[in-house]
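Bear in mind these aren't lab numbers, they're just calculated from the coordinates by the rules spelled out. The shown structure was predicted, so the numbers you read here are calculated from the model rather than taken from an experiment. In this analysis, Cβ positions are derived from the backbone assuming ideal geometry, glycine residues included, and neighbour counts consider all displayed protein chains.
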Amino acid sequence: MKQVHVVAGVLRDARGRILLARRTEGRDLAGLWEFPGGKLEPGESPEDALVRELREELGIEATVGAPVACVPLEMPGKRLLLDVREVAFSGHPRGLEGQALAWVPLHKLVDYPMPPADVPVVAELLRRSSTGTAHQL
């Protein structure tokens, strides 16, 4: 079975809102909202992949921080591992691949339809917020 390792970032603005990107038409799960990121290339570390993906997709320079969640998911024909990290960044995120972006308050993340792998990440962010264990870079 094919293994797919995906990295994604939790990017926060000065008001604490979290950046979501909408999957574009022609892709699996088009129209759903997700944490920005992408697949690792052969020989690439998760941190390097996340920095590269955020530069390509959003035009920002990222510094990868603490882990948020690691979500394994069985899908038809493949096993997905979603590795989500806190990210500090410089620059202004733009949808360089035509994707819509939204800065969303933490408590409103549940209102955005997301791929199955992203749902437990939202739950973890909400849990950390309620227990005061949110990681800061």
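Observations on the structure shown:
- Positive-end ranking of A100, P76, Y112 along the dipole of the chain, with charges on Cβ about the Cα centre, is headed by Y112.
- Residues E61, E86 arranged by fewest to most Cβ contacts within 10 Å: E61, E86
- Cα Rg, Dmax (largest Cα-Cα span) when computed across the chain, Å: 14.0, 42
- Peptide ranges 33-43, 103-113 listed from the most packed, as the mean C-beta count within 10 angstrom indicates: 33-43, 103-113
- In a reduced charge model with +1 at each Lys and Arg Cβ and -1 at each Asp and Glu Cβ, the chain shows a dipole moment near 340 debye about its Cα centre.
- Each Lys and Arg contributes +1 and each Asp and Glu -1, all at the Cβ; summed about the Cα centre of the range 26-99, the dipole is approximately 140 debye.
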